[in-house]
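Q: Dropping the structure in here first, questions after.
The values are calculated or read from the model by the stated rules, or taken from the named source; none is laboratory data. This structure is a prediction, so every number in the text was calculated from the model and none was measured. Heads up, the Cβs are rebuilt from the backbone with ideal geometry, glycines too, and the neighbour counts pull from every protein chain shown. Please note that ligands, DNA and RNA were not included when accessible areas were found on the heavy atoms of the full protein model with its side chains. Shrake-Rupley method; radii C 1.70, N 1.55, O 1.52, S 1.80 Å.
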Amino acid sequence: MTRRKYLMMIVGLMLFVVSSALLQSCSDDDDEYYYDVNVPNAIVSIASNGNGHPILVLNDSTQLYPVNLRSELYGGKRMRAFVSLRQPKDSELSDGIYADGLKNVYVNWIDTIRTKEMAPDQGLKNDSVYGNDPLEIVDDWTTCVEDGFLTIRFRTLFGNGKTHILNLVKGPADNEVVVHQNANGDVRGTMGDGVIAFSLEKLGLQPGTTHQLTVKWNSFSGMKSHTFTYRVPKRD
């Protein structure tokens, strides 16, 4: 059963403040899911099947077919999003709008996550160009590497309403990236959470290969790192 924890509201660069915890239960009799429709139960990549119909990529091995969406989303641009999903009812499949071989889902709502390309590596100037203000990367279901994207939930200080700018830059070692934050002087206040996604395409790794990707960041207690398994997707 998918873990579901928090709904977050966007602040600045699609920055989310944690709102509420989400609990889920399911019936053993009919395998239906009971959930609060107002909170997300998955993070996906928005894609297209090439015929004008959206596809939602749940992870490296699972693609979802939204039976109630009939046209491309956001101009076909590939980006990360929070979604609220459920299993479609038989009546919602009666018009033939479904896909064989994919998991059919009904989308209650979808809300995009700020999705960025990696920033150019400026070498020793990275801190001065992209900032080095501290943040924490939260270890929960919203922090993941899927479908060629690094999606992170981060925690930092918010106080004066300035926009916080985050960038992802190639690190000095192979398969290493560094998260930089420029808080624009907003370095006091209360802790708040945000979610942002970065495309890893500019790492230039061979499609279909698997790598250990190390993510580094300047935390409130010094430099930290975490290593993810990164399966480079094959794009059609």
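Q: If contacts are Cα pairs under 8 angstrom and at least 6 residues apart, what is the relative contact order of segment 98-232 in percent?
A: The value is 28 percent.
Q: Additional query: Give the accessible surface of segment 44-97 per residue, rounded to a whole number of Å², with probe radius 1.4 Å and ligands, DNA and RNA excluded.
A: So segment 44-97 comes to 47 Å² accessible per residue, rounded to a whole number.
Q: First compute the accessible area of segment 97-207 with a 1.4 Å probe, then give the percent of it belonging to carbon and sulfur atoms.
A: Answer for segment 97-207 is 47 percent, counting heavy atoms of protein chains only.
Q: Please give the charge dipole size of segment 101-236, origin at the Cα centre, charges +1 on K and R Cβ atoms and -1 on D and E Cβ atoms. Round to the nearest 20 debye.
A: The calculated dipole for segment 101-236 is roughly 80 debye.
Q: Please work out whether segment 84-236 counts as rounded, prolate or oblate from its C-alpha gyration tensor, where a ≥ b ≥ c are the square roots of the eigenvalues and a/c under 1.5 means rounded, while otherwise a/b larger than b/c means prolate and anything else oblate?
A: Cα axes put segment 84-236 in the oblate bin.
Q: Of N167, N108, S128, which is farthest along the charge dipole of segment 105-174 in the positive direction, counting Lys and Arg as +1 and Asp and Glu as -1 at C-beta?
A: It is S128, whose Cα lies furthest towards the positive end.
Q: Residues of segment 152-201: accessible area per residue at 1.4 Å, in Å²?
A: Result: 40 Å² per residue.
Q: Same structure, new question: In debye to the nearest 20, how big a dipole does segment 46-92 give about its Cα centre with +1 on each Lys and Arg Cβ and -1 on each Asp and Glu Cβ?
A: 160 debye
Q: Please list E176, E72, E136 in order of solvent-accessible area, largest first, computed with a 1.4 Å probe with all protein chains present.
A: E72, E136, E176
Q: Same structure again: Under a crude label model (7 Å from the Cα following the beta-carbon direction), how far is D174 from K125 in nanometres?
A: Reported label-point gap for D174 and K125 is 2.9 nm.
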